[in-house]
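Asker: Pasting a structure here, questions to come.
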């Protein structure tokens, strides 16, 4: 029996773990359900301490310095798991007015959730474009486009069948 592929998770790079957690778990999660997981090495001091400790341990073993893993955490939005990793280098962000782009993370929402999400986005002063109606045969009937606080592109999409 063949197993159908299903998306397990998507990893996003962010420039601030706390803002990313708040946006996904609290703002989008307000309508879709959300929670934040325990953060791993979230502060600059923790990152520096971990790097120094690993460098000392590597020196004692006579090896090269061990690379410190990127600080990260995770959120759940509905049933979607989204690990958030702190950028290791600066990435040029798109202009503030550009709300549609690729790559982007798209999530299905119901028509009722779409209406509620629009209210929540307005309440939190999150810029968005839409709703945009898509003509058939596009499998998505309606979309709202936006960016998270780290300028990752998102699409909230109502499937054509309305489910």
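Asker: So which residues in the range 100-126 are modelled with pLDDT under 95 and farther than 20 Å from residue 78 by Cα?
Answerer: Residues satisfying the conditions are 100, 101, 102, 103.
Asker: Do the conditions hold for residue 61, that is, is it modelled with pLDDT under 85, surrounded by 15 or more Cβ atoms within 10 Å (Cβ to Cβ) and more than 12 Å from the chain's Cα centre (by Cα)? Give the derivation first.
Answerer: Values: modelled with pLDDT under 85: yes; surrounded by 15 or more Cβ atoms within 10 Å (Cβ to Cβ): no; more than 12 Å from the chain's Cα centre (by Cα): yes.
So residue 61 fails the test.
Asker: Moving to a separate point now. Does the range 126-137 contain any residue that is closer than 21 Å to residue 35 by Cα and outside the structural domain of residue 14 (by TED's automatic domain parsing)?
Answerer: Applying the first criterion (closer than 21 Å to residue 35 by Cα) to the range 126-137 yields 126.
Still in the list and also outside the structural domain of residue 14 (by TED's automatic domain parsing): 126.
Scanning the range 126-137 turns up at least one residue that is closer than 21 Å to residue 35 by Cα and outside the structural domain of residue 14 (by TED's automatic domain parsing).
Asker: Another question, if that's okay. I need a count of the residues in the range 80-111 that are in contact with a helix residue (DSSP H, G or I) (Cβ under 9 Å, 6 or more places away or on another chain) and more than 13 Å from residue 143 (Cα to Cα).
Answerer: Final tally of qualifying residues: 5.
Asker: How many residues does the range 122-160 hold that are part of a loop (DSSP other than H, G, I, E, B), over 15 Å from the mean Cα position of the chain (by Cα) and surrounded by 14 or more Cβ atoms within 10 Å (Cβ to Cβ)?
Answerer: At the first step, the residues of the range 122-160 found to be part of a loop (DSSP other than H, G, I, E, B) are 124-127, 134-139, 148-152, 160.
Narrowing further to those that are over 15 Å from the mean Cα position of the chain (by Cα): 124-125, 127, 134-139, 160.
Filter once more, so that each one left must be surrounded by 14 or more Cβ atoms within 10 Å (Cβ to Cβ): 134, 160.
So the count comes out to 2.
The values are calculated or read from the model by the stated rules, or taken from the named source; none is laboratory data. What you see is a predicted model; the values in this text were computed from it and never measured. Here Cβ is always computed from backbone atoms with ideal geometry, including for glycine, and neighbour counts include all displayed protein chains.
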